[in-house]
Every structure is written in C-alpha cells, then in structure tokens.
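The values are calculated or read from the model by the stated rules, or taken from the named source; none is laboratory data. The model shown is predicted, which means the values in this text are computed figures rather than measured ones. Positions of Cβ are generated from backbone atoms using ideal geometry, with glycine treated the same way; all protein chains shown enter the neighbour counts.
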Amino acid sequence: MRFVLVSTITLASVAHSATITVGTEGFAGGVNNWPGGEPPSAAIDGAGQKYLNFGKENTGIVVTPTAGGAPTSLTYWAANDSPNRDPASFWLGGTNGDSVTGDYTFIASGLLALPDSRNQGGTAELLESNSATASFTNDASFTNYLVVFPTLKGNDNSMQVADVQLFDAAGTGIFAPGDTILGVQVDGALVPDDGPLVPKPSTGLLLSTEDQIIGGILTDTGFIEGSASGAANGNNWPGGEPPEELIDGSFGGGGAKYLNFFKLNTGVIITPTVGASVVDRITFWTANDAESRDPASFQLYGTNKIIIKGGPGTTYPTTDFTLITEGALELPSDRATIATPIGDPPFSTGPFQTVDFSNTKTYTSFMLIFPTVKDASSANSMQVSEVAFENVINSSIDPAITEINYDKATDMIDVTWLSQPGQNYILYYSPDLIDWSTDIADSIEAKDDSEVTTFGPFLNPNTKLLKGFFRVKKN
Ligand SMILES: [Ca+2]
Ligand SMILES: [Ca+2]
C-alpha cells in the first residue's frame with residue numbers, strides 16, 4: 001500500500017470555472033469514452049475489473065452513493081496492465097447540488113501514485129498491496145462526489161483504474177456496487193483559488209549522500225550532537241545505523257536506517273551540498289522492523305547560519321533556527337526488509353508518506369526533529385529508513401542592483417540589489433568599468449526576510465572622480 005497525507009482547506013471554496021463533461025461508450029482515441037467492457041461502474045464494483053477512459057488526464061468519476069459518512073481517505077487499486085495508465089494524483093470534491101453542473105466543494109487533492117504491481121481483471125479480488133491511499137481531514141458529507149485524476153504515471157492511450165473507494169473515519173466504504181456513477185472529464189481550473197495546489201511536479205531532490213548530516217536530539221538549549229554507541233536511552237545510534245543512512249538513497253533493510261536510542265525529540269541537521277534552497281515537500285520511509293519506533297510527528301526548521309560539525313556533545317543553538325513546518329505523521333505499517341533505492345519523485349516505491357507544506361523561504365541548513373514515536377512505551381528508540389526533500393533551488397536570482405544612493409553632504413553611498421536569503425555577496429567598485437580590483441565588502445550576508453539587500457552607507461571610494469560603478473557578485 002502507498003500512503004500519502006495531504007493538506008486540506010476549509011470547505012468554503014468551490015471548484016469554480018471547472019466544467020464537467022459526461023463521457024460515453026466508445027473507442028475514440030484521446031476522447032472521453034470507454035470500451036463497453038470497461039465502464040465507469042467497474043470502478044466501484046469491488047472487484048479487479050477496471051474502468052478505462054481514453055480521455056486520459058482529468059478523467060474520473062462522479063458517484064452518487066446511497067449511504068455513507070464524511071470521507072476521510074481515498075483508496076484506489078491498480079488495474080491489470082500498463083502502469084503508465086495509472087493515476088498519479090487525485091482531486092476529490094463533493095456537492096449537494098446537481099452532480100454535473102453543481103459547484104463542487106474541494107475536499108482533498110494530492111500526489112498519489114499506484115505501485116507497479118497489478119490486480120487481475122474480472123472478478124479477481126482487489127489486493128491492498130496493489131493500492132494507494134491518501135488520508136485527509138474532512139467532516140462534511142455530500143450527495144455527490146467527484147474524483148478526478150489530473151495526472152497519470154506515464155504516457156499511454158488512456159487512464160485506467162481497477163477500483164476507487166472513499167472511506168469514512170470509521171473505515172466504512174462510501175461507494176457500493178450499483179451506486180449511480182458517471183464517467184467524466186473535467187476542463188478548467190479544479191483548484192479553488194485559495195486551496196492547495198493540484199499536485200505540482202517535483203522540482204528536484206535536495207538531499208544527497210555528499211551532504212553534511214549531524215545526528216542528535218533537540219533540547220531546550222539547542223540541538224546536541226550524538227555519537228555511535230549501543231547505550232540504552234542515550235543520544236546515540238548503533239554503528240551500522242548512523243544519521244548518514246537517513247539520506248543514503250535507499251529504504252528498508254536493517255542497514256539503511258537511522259536509529260537513535262534517545263527516542264523522543266531525536267533528529268538530524270542536514271546541510272545540502274546544493275546550497276540555499278526552498279523545501280516544501282518531504283517524503284519519509286519506514287524502517288525494516290518495530291513499527292512502534294516510527295515517528296508520529298515531525299518538525300522542520302531552517303537556518304542560514306553556517307553549520308560546522310563539531311563532534312559528539314556539540315550544541316547547535318535553537319535560536320539560530322526558524323520553524324518552517326510541523327505536524328503529525330501517519331506512516332504506513334508496511335515494512336521493507338530489503339534495502340531498495342527510493343527512485344525518483346513522485347515516489348511510488350516502498351512504504352512511505354509524503355507531506356506537502358507551504359514554504360517559500362530559502363535556507364542553507366535544515367533541522368528535522370521527530371518529537372514523538374508511534375508507541376513510546378514499547379519502543380526503545382526512534383528509527384526512520386530514509387527522508388527525501390523536494391524543493392525549489394533559487395540559484396537563478398541574479399543579484400541585479402536596484403538602487404544606488406549618494407549623499408553629497410556626507411560623501412556616503414549605499415547600494416541595494418536583488419538577493420536571496422542564505423546567499424553571501426561581494427560588492428565591487430570600479431572607476432571606469434575596466435578596473436574591478438576594488439571590493440567594498442567581500443562577505444555581505446543577504447537579508448533573511450527580504451528580496452533585496454542594502455549595503456551601506458559607506459564612504460565614496462574615490463572622491464576625485466565624478467563617476468563610479470558598482471557590481472555585486474555571489475560568493
Ligand atoms: Ca473494479
Ligand atoms: Ca536509508
């Protein structure tokens with residue numbers, strides 16, 4: 001099973017500007033239609049037989065269930081063939097109005113890729129191992145539900161899915177065979193203006209095995225670096241399960257995890273080699289054993305201070321870090337006992353949970369803390385197999401000068417340029433645009449909370465000349 005926790009918003013917004021078109025039976029390529037043997041009703045028949053739609057992206061179903069409470073999770077099951085046709089994301093909404101022309105209230109959306117393992121067709125049993133589940137917060141129930149698949153795993157001639165189900169908080173399925181169901185395709189914006197994004201593509205992985213990583217615990221005074229040792233309850237880890245295993249690119253297996261015997265408030269400080277970056281998505285993979293040790297919550301902090309690994313016992317002050325996001329985790333119970341590469345995002349391999357959050361700030365180092373574990377009374381430690389950060393790397397911002405002020409009375413100058421938090425700059429001066437050998441300052445830290453940085457006022461470097469030029473360069 002693949003498991004994703006997605007963010008939701010208040011239920012005030014509607015899917016304005018989206019148009020729902022009901023499809024028909026047919027074999028036309030690229031069109032909202034389906035083979036007679038693979039109709040929309042097969043998506044809720046509770047068996048392996050699939051629903052296929054040649055309209056590909058943004059196809060889905062509208063279901064009018066006869067019963068059911070408020071959905072808090074969505075599961076879909078893989079069909080019998082080509083994984084390229086599988087949904088890679090979903091958008092779920094509900095309406096008490098008309099099932100086609102009504103305004104759908106957004107409930108949840110997220111990246112949710114099916115595993116490549118297949119269910120069989122016909123009356124074959126649906127297997128949990130060939131499914132993917134997203135959980136979300138929601139307490140509203142509706143007359144009609146719209147499930148749309150905005151993106152697919154690969155490039156093929158259709159979208160297909162063996163079954164789709166919504167579950168309420170009690171775990172009861174909301175769709176049942178025989179419910180009124182339509183095969184649909186949606187045009188236009190599905191996302192409420194103020195809602196979370198329909199799954200955005202990954203902008204790349206941030207972490208690598210080259211990164212500096214420091215294991216330890218968060219205390220009231222700061223993050224204290226731990227060491228390799230088997231001592232019970234200590235801020236330490238077995239020699240074969242060090243912090244480095246958290247970002248070695250593989251999950252599962254005893255040697256591919258980070259374990260800390262201090263258990264609560266354990267974590268790491270990671271300094272990515274790629275430099276100052278924005279993180280807005282983290283994926284966590286479970287370890288190979290003892291589910292009780294899985295983190296039940298996380299906190300992510302960022303800093304633009306330079307982090308130098310000091311060795312066991314070193315304290316890294318909490319005041320240097322800013323909280324980016326925090327929240328509960330619901331890691332899957334599945335374990336992987338063989339070390340396996342994580343693959344590329346969006347992740348579809350292994351037992352994992354992906355968390356999306358809002359963040360646009362750039363940081364050079366990140367502190368990831370696990371305040372709690374699933375069952376602290378029976379666990380002797382915290383353990384996680386792997387984490388992946390996805391991000392926007394802001395290296396494309398050129399430090400263009402936006403303002404130069406000269407005060408004739410004092411002969412002082414200040415210079416302002418476009419900057420990015422975490423970046424360090426050199427300010428050069430030239431009397432003639434040829435000789436750039438003079439630097440005014442060679443280590444100017446960007447302002448942390450602004451898109452521009454100002455240096456100065458400083459004394460005019462050459463009062464004899466009527467003109468001068470400045471240039472800003474990244475350090
Ligand atoms: Ca089915
Ligand atoms: Ca690992």
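Filtered by the rule that a residue be within 18 Å of residue 181 (Cβ to Cβ), assigned to a loop (DSSP other than H, G, I, E, B) and in contact (Cβ under 8 Å) with a residue 60 or more places away in the chain, segment 95-133 gives 99, 100, 101, 104, 126.
A count restricted to segment 443-473 and to residues that are of a type in the set (D, E, K, R), outside any loop (DSSP other than H, G, I, E, B) and within 29 Å of the chain's Cα centre (by Cα) stands at 1. Scanning segment 394-442 for residues that are under 24 Å from residue 322 (Cα atoms) and outside any loop (DSSP other than H, G, I, E, B) gives 418, 424, 425.
Being under 17 Å from residue 150 (Cβ atoms), in the same structural domain as residue 115 (by TED's automatic domain parsing) and more than 16 Å from ligand 1 (Cβ to nearest atom) is the requirement here; does residue 62 meet it? Here the answer is yes, as residue 62 does meet what is asked. When residue 263 is tested against (1) over 22 Å from the mean Cα position of the chain (by Cα); (2) within 16 Å of ligand 2 (Cβ to nearest atom), just one condition goes unmet, and that condition is (2). Annotation note: of 157, 233, the sole residue that is at pLDDT 90 or above, on the phi > 0 side of the Ramachandran plot and away from ligand 2 (no atom under 16 Å from the Cβ) is 233.
Only one of the numbered conditions (1) part of a strand (DSSP E or B); (2) touching a Ser or Thr at 6+ places or on another chain (Cβ under 6 Å) is violated by residue 347, and that is (1).
Of the residues in segment 41-55, how many are more than 10 Å from ligand 1 (Cβ to nearest atom) and within 24 Å of residue 127 (Cα to Cα)?
Going through segment 41-55, the residues more than 10 Å from ligand 1 (Cβ to nearest atom) turn out to be 52-55.
Imposing the further condition that a residue be within 24 Å of residue 127 (Cα to Cα) reduces the set to 52-53.
Residues flagged as more than 10 Å from ligand 1 (Cβ to nearest atom) and within 24 Å of residue 127 (Cα to Cα) within segment 41-55 amount to 2.
Counting only residues that are away from ligand 2 (no atom under 14 Å from the Cβ) and touching a strand residue (DSSP E or B) at 6+ places or on another chain (Cβ under 7 Å), segment 266-281 holds 10 of them. From the list 264, 246, the lone residue that is closer than 19 Å to residue 300 by Cα and buried (at least 23 other Cβ atoms within 10 Å of the Cβ) is 246.
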